[in-house]
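Beneath this line is the structure, given in structure tokens, with notes to follow.
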Amino acid sequence: MGGVMCGIVGYVGKRSASPILFQGLTNLEYRGYDSAGIALGGESEIRFYKYKGTVKNLENVVSGRDLHGTIGIGHTRWATHGEPSDLNAHPHLSQDGTIALVHNGIIENARTISSMLEEEGYVFISETDTEVLAHLIEFVGKKADLSFSEAVREALVQVEGTFAVAVISSRNPDTMVVARRGSPLVVGIRDSGSEFFVASDALAFAEHTRFVAYLKENEIAVLRSGDDFRVSAIKGGKKRHPEIIEIEEDLAVIGKEGFDHFMEKEIFEQPRTVRDSMRGRLDPKTGSVRLGGLDDYMGRLAEADRIVFVACGTSYYAAVLGEYLIERYAGIPVEVEYASEFRYRHPLIRKSDFVIAVSQSGETADTLAAIRLAKESGATVLGICNVVGSSIARATDAGVYTHAGPEIGVASTKAFTAQVTVLALLALALAEKRHTLSCKERKRLARELYLVPDKIETTLETRMECESIAEQYAEAENAFYLGRGVCYPVAMEGALKLKEISYVHAEGYPAGEMKHGPIALVEDGVPVVVLAPNAAETHEKVISNIREMKARRGSIVAIVTEGDAETASLANHTVSIPEADEFVLALIAVIPLQLIAYYSATIRGCDVDRPRNLAKSVTVE
Ligand code: M6R
């Protein structure tokens with residue numbers, strides 16, 4: 001099968017395509033990085049280069065080779081089925097070598113089509129579903145004597161599954177055909193169409209243009225330098241005039257900005273990103289909140305019988321915090337579901353329900369599927385997303401952007417705090433509408449939220465302590481993260497961070513649950529990170545839990561409130577965080593856990609921004 005979480009790029013214009021493709025692929029490597037390739041056209045023959053390994057490897061291998069051509073496509077892959085290998089890498093060529101394509105998605109009826117094509121004499125040299133599509137385009141084109149673009153269209157009508165594709169042909173050396181169904185695809189336009197850029201994410205070509213058009217589901221477009229940009233439905237061919245928008249975020253300035261890793265940069269950006277998430281939405285003087293994207297829905301949302309959050313991974317933990325905040329402060333019943341479970345467990349969804357999808361990328365397949373199910377059941381579906389124009393942003397009835405800016409590190413950090421900030425804003429906005437808090441209390445909480453960026457700034461100063469803790473436990477293979485109340489989702493998030501980038505087995509648990517089983521695993525020296533700030537309602541209980549762990553000789557790392565010498569005295573190591581109300585505590589308490597995970601990974605020599613077996617956007621269910 002072909003990769004399904006990959007990045008695709010394309011260029012049609014007047015410049016040499018290869019440097020643009022390499023840069024685009026490098027910008028997209030967060031989507032996958034086990035193999036990479038490009039194909040260049042523009043004359044009678046397509047030249048292609050594809051190898052197992054990174055984009056850098058590809059660039060090194062092809063340097064000095066014939067790379068000219070003003071039209072080209074490229075791909076960076078994250079394999080799901082079939083080993084990463086030169087043969088499985090994209091682009092894939094048709095049997096006669098006249099057609100090359102890159103693909104992101106899964107062709108579900110690949111086996112049926114390949115059997116049919118084999119009977120027609122086609123031979124497959126890779127294990128990918130994508131090669132099936134390349135052969136099918138050639139086959140249908142020859143059989144019905146179709147033009148290049150019509151052959152692509154006809155082939156796509158026949159395939160089932162998901163795809164974003166970019167296709168070139170040596171018979172039409174100035175033309176690229178692109179299409180999508182279920183996988184993202186965006187076209188960049190420069191100089192009124194003398195140049196076109198294609199990618200899974202506008203970040204790929206941010207340095208060249210900020211004018212983009214998103215292809216809608218089941219659309220195909222023909223790109224030719226200096227010609228009209230034409231979009232039509234794959235089936236039926238109904239034409240649509242593409243809407244060209246200017247991207248607001250300054251994607252062009254992306255870079256590590258002096259940090260060693262994107263993750264590190266993103267952790268340290270959080271005072272700014274949390275501020276950006278609140279900007280123009282929170283009035284700390286009046287305690288009022290306005291979430292423009294929800295204007296038409298707030299009245300009904302405030303009256304909802306139930307809110308159901310659907311999300312995955314880190315976004316799920318943010319949603320659990322949303323549950324705690326909305327139930328406590330706005331008094332609306334909330335449930336939180338893993339999107340991957342929600343869609344298959346036949347949930348009871350009522351028309352009166354509000355389902356809110358939380359997602360950084362806006363492309364997570366499980367979350368998208370949960371949205372579809374909720375919509376089919378008649379619920380109102382809202383989104384909390386970071387990526388503007390993403391599939392989830394477009395699939396929901398309305399929503400709120402988190403405004404954290406592009407998050408490149410696979411381990412989510414600033415997107416999490418942005419999500420929690422938006423959820424806190426939502427809780428306040430709902431409390432305002434429902435009059436569940438006194439005006440004074442609402443103003444106090446709004447002020448607490450407003451002060452969070454400064455408190456994060458202060459908390460980031462604990463970096464040395466966090467690094468030293470990471471050093472002392474560098475050899476540990478297991479760890480526990482414990483918390484209660486709002487600190488419980490933070491504990492789960494802290495454990496996930498450690499697991500995913502440093503490959504240390506970590507369990508996030510409600511502190512009170514330890515004695516119901518997991519405490520059996522605590523023995524001499526096992527690190528137990530306990531979130532024990534004194535604002536938490538359950539502070540005293542957490543102290544008892546620390547004593548229980550100590551009695552089993554666990555090594556306690558306590559996250560405590562500045563000045564809390566008593567709790568600190570129980571721990572082997574402490575990190576002090578500023579005093580904060582429970583309403584915003586998670587936003588501050590998570591910072592040392594992000595830092596500990598980051599330093600653990602670097603000390604253990606792990607590839608922080610590109611952890612093994614993971615990819616930034618999980619577009620496979
Ligand atoms: O883009 P999403 O927020 O929908 O992604 C969901 C998860 O895959 C994601 O949060 C994942 O758990 C994080 N990258 C972990 O740091």
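Accessible surface of segment 255-450, 1.4 Å probe: 48 percent of it comes from carbon and sulfur atoms. For the peptides 390-403, 416-429, 540-553, the ranking by packing is 416-429, 390-403, 540-553, with the highest mean count of neighbouring Cβ atoms within 10 Å listed first. With the gyration tensor restricted to C-alpha atoms of segment 4-246, the semi-axes of the equivalent ellipsoid amount to 23, 21, 17 Å, longest first.
Gap in Å between the Cα centre of segment 150-229 and the Cα centre of segment 398-468? Using only Cα atoms, the two centres lie 38 Å from each other.
Compared with the direct C-alpha span, the chain from Glu548 to Lys285 gains 90.3 nm at full extension, assuming 0.36 nm per residue.
Determine, for each peptide in 108-118, 593-603, the mean count of other beta carbons within 10 angstrom over its residues, then list the peptides with the highest first.
Numbers: 108-118: 15.4, 593-603: 25.1.
So the peptides 108-118, 593-603, ranked by packing, come out 593-603, 108-118.
Multiplying the residue separation of Leu146 and Ser115 by 0.36 nm and subtracting their alpha-carbon distance yields 8.9 nm.
The calculated FRET efficiency for Glu523 paired with Val388, based on their beta-carbon distance and R0 = 51 Å, is about 0.55. Can you compute the FRET efficiency between Leu87 and Lys515 using 1/(1 + (r/R0)^6), with r the Cβ-Cβ distance and R0 = 51 Å? Round to the nearest 0.05. Efficiency, rounded to the nearest 0.05: 0.40. Pairs of lysines in segment 461-621 whose Cα atoms sit within less than 21 Å of one another amount to 5, provided the residues are eight or more positions apart or on different chains.
Would segment 352-494 count as rounded, prolate or oblate if I go by the C-alpha gyration tensor, calling it rounded below 1.5 in a/c and otherwise prolate when a/b exceeds b/c, oblate otherwise? In terms of gyration-tensor shape, oblate.
Every Cα-Cα pair in segment 501-621 was counted, and those over 27 Å apart are 25% of them. Ala164: net charge of surrounding residues, Cβ under 9 Å, Lys/Arg +1, Asp/Glu -1, itself excluded? Neighbourhood net charge equals +2.
Less than 5 angstrom separates the built amide H of Leu185 from those of Leu215, all sequence-distant by 5 or more or on a different chain.
Remark on Ile71: its backbone amide H falls under 5 Å from those of Ala17, Gly41, a criterion applied only to residues 5 or more positions apart or on other chains, H modelled at 1.01 Å from N. Determine which residues of segment 481-497 fall in the zone a paramagnetic label at Arg604 would reach in this model, i.e. backbone nitrogen under 15 Å from the point 7 Å along Cα→Cβ. It comes to 481, 494-497, nothing else. If the Kirkwood radius is taken over C-alpha pairs of segment 530-597, then at 20 °C and 1.002 mPa s the Stokes-Einstein diffusion coefficient equals 178 µm²/s. Across all Cα atoms of segment 192-248, the radius of gyration (one decimal) and Dmax (whole number) stand at 11.6, 36 Å.
Accessible area per residue for the chain is 38 Å², calculated with a 1.4 Å probe on protein heavy atoms, without ligands, DNA or RNA. Working note: 222 nm ellipticity from helices only, DSSP H runs with n ≥ 4, each -39,500 (n - 2.57), summed and divided by the residues of the chain, gives -10500 deg cm²/dmol to the nearest 500. Excluding same-chain neighbours fewer than eight residues apart, the aspartates and glutamates reachable from Lys285 by a Cα-Cα span under 19 Å are Asp276, Glu432, Glu441, Glu448, Asp454, Asp581. Using 0.36 nm per residue and subtracting the Cα-Cα separation, the extra length available between Glu45 and Glu127 on full extension is 27.1 nm. With each label modelled as a point 7 angstrom along the Cα→C-beta vector, the His68-Glu207 pair spans 2.3 nm. Look at where the Cα atoms of segment 503-574 and of segment 72-135 average out, and the two centres are 52 Å apart. Packing, taken as the mean count of other beta carbons within 10 Å per residue, orders the peptides 37-47, 153-163 from highest to lowest as 37-47, 153-163.
Take each complete run of DSSP H in the chain, measure how far its Cα atoms stretch along the helix's own axis, and keep only those covering 27 Å or more with mean Kyte-Doolittle hydropathy at least -1.0; list them.
Answer set is 414-434, 582-603.
Between amide H atoms placed 1.01 Å from N, distances below 5 Å from Gly508 occur with Tyr481, all of them 5 or more places distant or on a separate chain. Close Lys pairs in segment 4-246 (alpha-carbon distance under 27 Å; sequence gap of 8 or more, or different chains): 14. Enclosing the Cα atoms of segment 255-450 in their convex hull gives a volume equal to 103 cubic angstrom per residue.
At the listed q of 0.09, 0.11 Å⁻¹, the Debye profile of the chain, built from one uniform point per Cα, gives log10 I(q)/I(0) equal to -0.74, -1.04.
The values are calculated or read from the model by the stated rules, or taken from the named source; none is laboratory data. Since the model is a prediction, treat every value here as computed from it, not as a measurement. Note that each Cβ is placed from the backbone with ideal geometry, even for glycine, and that neighbours are counted across all protein chains shown. These accessible areas exclude ligands, DNA and RNA; they are computed on the full protein's heavy atoms, side chains included. Shrake-Rupley method; radii C 1.70, N 1.55, O 1.52, S 1.80 Å.
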